[in-house]
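Worksheet: one structure, shown below.
Rule-based calculations on the coordinates, nothing more; no lab input. Quantities reported herein were computed from a predicted structural model and do not represent experimental measurements. Cβ: placed from backbone, ideal geometry, glycine included. Neighbour counts: every protein chain shown.
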Amino acid sequence: MNSSESLKQCFRGVAMIAAAIALVTGCNQGVPGEPKTESINKLPKMKFHRPDSFPMAVSRLVEIHQLILSESPLPDPKVFQVVEVIHGSGPGAHSHYHLANDPSGHSHAHNDDHADEESNEKRHEVEVDVITEMSDIIKWLPEIAGDTDMNKDLWGSVKSKSGSMQSELNGALAKATSQQEKREAIRSVGDQFVVFNDSMAEVVEELKKSDRENQELPED
């Protein structure tokens with residue numbers, strides 16, 4: 001075999017190997033001129049279902065607990081249409097979120113900061129079932145209580161009791177997967193929930209009493 005023929009066979013062999021590599025890796029290469037599919041980042045924890053006040057939070061916890069104890073089907077999850085506003089691109093990109101029907105949630109007080117950045121929007125649908133809502137409200141109670149005028153000792157009691165209740169709930173739900181299993185798990189710590197809800201209702205009454213007393217104080 002002359003050198004010219006050997007060289008041709010060598011080129012053919014290299015071409016076959018290149019084609020095989022392309023078949024194996026082609027799914028990751030993308031089509032030239034088309035944007036590559038980016039990985040979808042998990043949305044941050046949303047607080048759109050956070051009650052506006054401590055009394056409302058306690059009332060909602062009691063309502064959810066009664067729903068779970070009942071034999072009625074649990075309500076459908078709350079659905080939030082969320083707009084993600086993305087500023088910039090590449091590693092420096094960052095996002096802000098607001099409800100689709102409440103653009104004021106994304107305050108543009110920082111407009112000047114992003115005036116020269118590329119911005120685009122994505123829409124997401126976020127679902128929150130009642131069990132997730134219950135767990136989140138218990139976790140947020142100290143934060144919600146901190147927005148009131150309750151004294152330090154009362155706030156400390158809320159923080160301690162909500163922390164204990166959250167631990168009880170997390171333990172009960174640890175092995176539950178289905179909605180019904182979660183419901184039964186919460187029922188298994190029903191007595192603790194009743195005591196907890198009653199103690200939070202007492203805090204609400206203390207707040208109301210304090211508000212009344214402050215209103216009755218004579219002006220200086």
Q | Ranked SER178, SER210, criterion: other C-beta atoms within 10 Å, fewest first | A | SER178, SER210
Q.
Could you derive backbone 3J(HN,Hα) for the range 123-139 from the dihedral phi with the Karplus parameters 6.51, -1.76 and 1.60 (θ = phi - 60°), listing whole Hz in sequence and x where the residue is Gly or Pro?
A. 10, 10, 10, 10, 10, 10, 7, 5, 6, 5, 4, 4, 4, 5, 4, 4, 5
Q: Please work out the FRET efficiency for the pair GLU202 and GLN81, using the Cβ-Cβ distance as r and a Förster radius of 45 Å; give the result to the nearest 0.05.
A: 0.75
Q. Sorted from fewest to most neighbouring beta carbons within 10 Å, what does the list LYS122, LYS47 look like?
A. LYS47, LYS122
Q: Determine the sum of side-chain charges near LYS159: Lys and Arg each +1, Asp and Glu each -1, restricted to other residues whose C-beta is under 14 angstrom from that of LYS159.
A: 0
Q: Please order THR177, THR132 by the number of other Cβ within 10 Å, starting at the fewest.
A: THR177, THR132
Q.
Using a 7 Å offset from Cα along Cα-Cβ at MET46, what residues in the range 115-159 end up with backbone N under 19 Å from the label point?
A. 120-140
